[in-house]
Amino acid sequence: MIALVRKRWALLAAGLLLVLFGPILWIRLNTGPVFHAADAPSAPVALILGAGLKDDGTPKPYLEARLEAAWELYRSGRVRALLVSGDNGTVQYNEVAAMTTWLVARGIPASKVVADYAGFDTYDSCVRAREIFGVDSALVVTQDFHVRRAVFLCRNAGIAAVGVVAPVPGGEAGKYWVREVPAGIKAVFDAVVRPDPHFLGPREHGVDAALHG
């Protein structure tokens with residue numbers, strides 16, 4: 001009897017571990033290598049994912065690190081256009097405008113920075129990059145704890161995506177790795193169910209213009 005109970009608890013524990021960590025393992029097995037900006041391959045577009053603003057409306061350190069990596073990708077000729085995707089849920093909160101301002105202030109031509117104002121989460125950013133902006137090949141720029149999930153979701157959306165790792169400011173990534181457990185479960189759910197993003201809308205040609213202008 002005791003042996004049977006132990007077996008059942010072992011199976012329950014194994015099942016729980018599979019539910020919690022199976023999605024992360026699946027994501028890692030389906031994303032391949034990731035790169036830093038200095039050794040990244042070339043692609044037409046870099047997709048930069050939002051990561052929050054300070055009270056004064058400027059990018060938080062994590063977002064600034066992503067923008068610095070994107071700046072390096074553009075200046076080195078590895079990409080020809082930058083698609084900045086983030087949250088503009090209210091008039092007072094506009095990640096995309098802050099990202100655009102940061103890049104243009106550092107010498108990136110405004111015509112090469114394309115704004116997606118409805119990238120409310122990673123899944124939405126990836127689906128909208130493909131469906132709304134017509135991106136079919138991109139470097140996806142974010143931190144290491146996030147990059148494989150972002151690549152996984154973008155590939156699932158139909159983009160030939162490769163991850164580019166931005167630095168972690170202050171080495172404070174621990175809490176974000178913990179967050180990746182539920183985020184990984186959601187990512188696999190989204191990949192399987194394929195829900196519509198919060199907003200779709202008509203095709204936009206900003207990326208086309210940036211690439212061919």
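The values are calculated or read from the model by the stated rules, or taken from the named source; none is laboratory data. The structure displayed is predicted, hence computed values, not measured ones. Neighbour counts run over all protein chains shown; Cβ positions are idealised from the backbone, glycine included.
Answer yes or no: is there a residue in segment 161-180 that is aromatic (Phe, Trp, Tyr), modelled with pLDDT under 90 and out of contact with any strand residue (DSSP E or B) (no Cβ under 6 Å at 6 or more places or on another chain). Don't jump to the end; show me each part of the working.
The first filter runs over segment 161-180 and keeps only residues aromatic (Phe, Trp, Tyr), leaving 176-177.
Going one step further and asking which of them are modelled with pLDDT under 90, we end up with 176-177.
Now restrict to residues that are out of contact with any strand residue (DSSP E or B) (no Cβ under 6 Å at 6 or more places or on another chain): 176-177.
Checking segment 161-180: at least one residue is aromatic (Phe, Trp, Tyr), modelled with pLDDT under 90 and out of contact with any strand residue (DSSP E or B) (no Cβ under 6 Å at 6 or more places or on another chain).
Looking at this structure, is Arg155 within 13 Å of His198 (Cα to Cα), in contact (Cβ under 8 Å) with a residue 12 or more places away in the chain, of a type outside the set (Phe, Trp, Tyr) and in contact with a strand residue (DSSP E or B) (Cβ under 7 Å, 6 or more places away or on another chain)? Please lay out each step first, then the result.
Details: within 13 Å of His198 (Cα to Cα): no; in contact (Cβ under 8 Å) with a residue 12 or more places away in the chain: yes; of a type outside the set (Phe, Trp, Tyr): yes; in contact with a strand residue (DSSP E or B) (Cβ under 7 Å, 6 or more places away or on another chain): yes.
No; evaluated as a whole, the condition is false for this residue.
Residue check: is Val91 more than 23 Å from Asn30 (Cβ to Cβ), at pLDDT below 95 and not charged (D, E, K, R)?
Numbers: more than 23 Å from Asn30 (Cβ to Cβ): yes; at pLDDT below 95: yes; not charged (D, E, K, R): yes.
Considered against the rule, which asks whether it is more than 23 Å from Asn30 (Cβ to Cβ), at pLDDT below 95 and not charged (D, E, K, R), Val91 comes out as yes.
Please find, among Val114, Val96, the residue that is surrounded by 24 or more Cβ atoms within 10 Å (Cβ to Cβ), touching a strand residue (DSSP E or B) at 6+ places or on another chain (Cβ under 7 Å) and closer than 24 Å to Lys54 by Cβ. If you could, list the steps in order and put the result at the bottom.
Working: Val96 fails: surrounded by 24 or more Cβ atoms within 10 Å (Cβ to Cβ).
Answer to the check: Val114.
Looking at Thr101, Thr90, Thr58, can you tell me which residue is polar (S, T, N, Q), without any contact (Cβ under 8 Å) to a residue 12 or more places away in the chain and either touching a Ser or Thr at 6+ places or on another chain (Cβ under 7 Å) or more than 30 Å from Ile185 (Cβ to Cβ) (or both)?
Details: Thr90 fails: either touching a Ser or Thr at 6+ places or on another chain (Cβ under 7 Å) or more than 30 Å from Ile185 (Cβ to Cβ) (or both); Thr58 fails: without any contact (Cβ under 8 Å) to a residue 12 or more places away in the chain.
Of Thr101, Thr90, Thr58, the one residue that is polar (S, T, N, Q), without any contact (Cβ under 8 Å) to a residue 12 or more places away in the chain and either touching a Ser or Thr at 6+ places or on another chain (Cβ under 7 Å) or more than 30 Å from Ile185 (Cβ to Cβ) (or both) is Thr101.
Filter segment 39-62 for residues that are modelled with pLDDT of 95 or more and among the hydrophobic types (A, V, I, L, M, F, W, C) and give the result.
If the condition is that a residue be modelled with pLDDT of 95 or more and among the hydrophobic types (A, V, I, L, M, F, W, C), then Ala40, Ala43, Val45, Ala46, Leu47, Ile48, Leu49 are the ones that fit.
Within segment 123-160, take every residue that is surrounded by fewer than 24 Cβ atoms within 10 Å (Cβ to Cβ) and polar (S, T, N, Q) and give me the one that is modelled with the highest pLDDT.
This residue is Ser137.
Can you tell me which residue is farthest from Ala110 (Cα to Cα) among those in segment 79-100 that are among the charged types (D, E, K, R) and within 18 Å of the chain's Cα centre (by Cα)? Spell out how you get there, then give the answer.
Here is the first cut: in segment 79-100, the residues among the charged types (D, E, K, R) are 80, 87, 95.
Remaining after also requiring within 18 Å of the chain's Cα centre (by Cα): 87, 95.
Numbers: Asp87: 20, Glu95: 16 Å.
Selected residue: Asp87.
As an exercise: evaluate Pro44 against (1) under 30 Å from Val192 (Cβ atoms); (2) surrounded by fewer than 20 Cβ atoms within 10 Å (Cβ to Cβ); (3) touching a Phe, Trp or Tyr at 6+ places or on another chain (Cβ under 9 Å) and give the number of the one condition it does not meet.
(3)
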